[in-house]
Amino acid sequence: MPLKKSYADYYTAAQAMKALGVTEGMFYNFIRNGDLEGTKPPGRKQSLYNKLKVDNLAQELQAFVATRQSKPTAFDKATTRQEILESAKLSDAIFGGHIDVDRQMTWIAKNPDVCYVVKSEGKVAGYAIILPLQPQKIDKLLREEEHTVDLEPDEIGDFESGKTVHLYMGAIGVIPGVTMLEKRTYGSKLVSGLMDVIVDLGRRGVIIRTVFARSTKPDGIRLLRHIGFTELLSTTEKKNFMIDVEKSGIKAIMQYKQALRESGMYTFPQSLNELLDELPLIEIERNTTEEGTSTFSRANQEDIPACVELSQGTFQGLPQGIASVETRLGWMAKNPDLFYIVKHNSEVVGYTATIPMEPEKIQKILANEERMKDVRPDEIQEFKPGNPLHVYLMTMVTKPGISKAKKRAYGSTLIRGLIGTIIDLGKRGVTIETLYGRSESVDGIRALRHMGFTQIPTVTDMKNFVLKVDESDSPLIQEYKRALKESGQAVPEKVLQSSTSPDRNDRRIDRNKGEQNRTVTNAIKHRQSTRQAKQ
């Protein structure tokens, strides 16, 4: 069979973009969100895309435009008994039960900003409940020791300027029995509306510390992960999630923190220096200054045996094994900027490794399908300006068997140094598209979250994390992007773009393309929204 004929059922990336009528950035958003999947047939270096799936997606986008034009939706606060009654009927249809209508009316009487609805043609098509509660109460709800349906109005907090609150998403759902696109439209409107509510609380000076949610449904779980919630341990069948507002780099949360700062009531760490000053390790670091100062620097070949010894002492019995001295030296011959160390009185007391590799390779390592100890030098990439890199934070480890104070002090130096290393790569014009990491230790997980990483699903005992540069507005990434832009190197625009858009619903659009691109961008966001979810 001729080569061209064998590929007759596939589009190239350029052909697929033309069929969809979208820009390159929008096209790769579809791939990243799982709406399209490429395949690499033998003999080809570039991915191809199934024509049928691309054409179906194009038709769906056209139908989406028609739906949006014929059935505009509106998000608003629920204030009337009729709106709460319609929400209760939706809950019955979706979940087989609802919170008592009279009870919800007493909640609204206590705090009028806790119930919200999405309406289409005047009818409630989606609803959400977001409750300010004491953290002890939320903990009992997550453990199912108590239940949302039994909450009394005096347990509902107020949204007052200068007051600290913890939020619990009591419910979120959209109408069943409509088309898939309508469900996604309502779901997206509901989510974007809730994000606007949180930002508005910032403008009002309300200090939000945490946001909690839970779900058993795949759509609900997917929604929470998409928003940026971090999964917690659960003692029930439901999965629990949380956003730690102070440490979060989620787009809407960054907007909230900016609004809160402008309110003049409170300021979370905004700049990288402020973030570093908030590290809980810093105060303890001063306890070791009398014995000498710990320093961070790039590792030389002579330092590698000490690094391996630290890993062996820390990760005894690690199933994946530990990369040998010879393996690491082979990597360094390809890229000398992989390993960084912390020294105290000339002794290596901690180290980290930043390994640029193909994303497919990193995914296999995260899934334990392949092992770092088996990575060949030719699979290691170099830190050079050019194509965007995907970087795996292989480890962050400090000397075992030392005092807690010293361990935290060395860890603080390590984290500060790692942050500086990433920013320095920007100064050198090195484009990073994604950073990956994983850990099973409390300190490691805390460090990754502090730097702005988002937890992603895992099939191993370790927790996996990713930091997407084009989507993150964490202080670290803001500084990196600024350094990258000032380097003068040619950089893909999507890497430099900030995820905090002046558009109210945080849409990334090319304003020169006009209203058509605005609509298609909305379609991408609606494809990411779930059909229904309940926490």
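The values are calculated or read from the model by the stated rules, or taken from the named source; none is laboratory data. As the structure is a prediction and not an experimental result, all values here were calculated from the model. Cβ placement follows ideal geometry from the backbone for every residue including glycine, while neighbour counts extend to all protein chains displayed.
Table for the structure above
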quantity: Residues that are hydrophobic (A, V, I, L, M, F, W, C) and modelled with pLDDT of 75 or more, drawn from the range 31-70; calculated: I31, L36, L48, L52, V54, L57, A58
quantity: In the range 292-351, the residues that are farther than 21 Å from G420 by Cβ, hydrophobic (A, V, I, L, M, F, W, C) and outside any helix (DSSP H, G or I); calculated: F315, L318, I322, A323
quantity: Single residue of T395, T421, T434 found to be polar (S, T, N, Q) and in a helix (DSSP H, G or I); calculated: T421
quantity: Boolean, F465 is at pLDDT 80 or above, crowded, with 21+ Cβ neighbours inside 10 Å and within 9 Å of G249 (Cβ to Cβ); calculated: no
quantity: Some residue of the range 81-104 being modelled with pLDDT under 85, closer than 19 Å to T148 by Cα and under 30 Å from the mean Cα position of the chain (by Cα); calculated: yes
